[in-house]
Amino acid sequence: MSSKVSLYLLQRINQNARWIAAICIGSTLNLACGSSSASSKLNTAVSSQGRSYRYAYAMVAPTESNELLYHDEKIRVQFEIDKGAIKYSLKNLSNDSLAVITAHAAMFVNNNSSPVRNERTYYFEDAASGLPKPIPPQGIVHDFVIPKDNIYYDGSRWVEKELFPTADRNDAALRKTILKNLYAKIDLDLPIQVGNEQKNFTFSFKIVRLWSTHTDSAKTIESRFPVGPVVGRASPGNGLWLTAGIVVGLGLLVAYALSQPKKPASDF
């Protein structure tokens, strides 16, 4: 009897195994088909944006450098230009404290001038007048600059405009404009103070290569930081006034408590 039960159980296990295998194969095929369909839709969406374009830059002043590197006896600066900003890493080679005066800096994109924002003033228009952070000898600062009006709040999120368009959106006129950007220039006026001496540097960059791709870089790039102010361009000054009010209030409260007559301690 036990042998018949064992045989029956083995038959049931084999049958269930076949059903499981069939289900797995079917699921795999469905996933593959679904993935293929999604991929097809994605490719269609990308192609509907037209061609995307990338730019390669070289520094042409104050020295020529395909690596976008400048150095003298006091500073060493490595630049990188992305879609919307000029990023840089600056090392202080001098024996004095150094400061980048971003509040007086300016960018010229195809001869169109603009004041700039940097990491500290990215969301706040009125913060550019603040004192720059000093960089000690052998210290390094990592920062970026973008044209002031190239970052804005669209009502739901902060977005950043491109320095040059990177997608033609299947528009022949836009494609022609993009191709004309070959050899276009970007100038950066960047005042730098070392000790008591301030020097105004002009770093000039030129597009030396332009090529197209099929990747979807057509969308306007989002803000450089993951989280920004939710409503408008809030001023950091509001936060300073709030902090000052809290400090004054706490001071008054402590003064009032100290002015009250002290009751003698009761005996147990």
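Every read-out reported here was derived from the displayed coordinates using simple, explicitly stated rules and does not represent laboratory data. Not measured: the values here are computed from a predicted model. Cβ coordinates were reconstructed from backbone atoms using ideal geometry, including for glycine residues, and neighbour counts include every protein chain displayed.
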*Positive-end residue, region 52-213 charge dipole about Cα centroid, Cβ charges, pick of 89, 71, 211*: 211
*Whose amide H sits under 5 Å from the amide H of residue 53, counting only residues 5 or more places off or on another chain, with H placed in the peptide plane?*
167, 213
*Integer Hz, Karplus 6.51/-1.76/1.60 couplings in order for region 153-169, x for Gly and Pro*: 9, 8, x, 9, 7, 8, 10, 10, 7, 7, 5, 9, x, 10, 8, 8, 6
*From the phi of every residue in region 71-81, what ³J(HN,Hα) in whole Hz does the Karplus formula 6.51 cos²θ - 1.76 cosθ + 1.60 yield, where θ is phi - 60° and glycine or proline is x?*
7, 9, 6, 10, 9, 9, 10, 10, 9, 8, 10
*Given N residues in region 52-213, what is Rg(Cα) / (2.2 N^0.38 Å)?*
1.10
*How many angstrom lie between the C-alpha centres of region 123-192 and region 87-118?*
12 Å
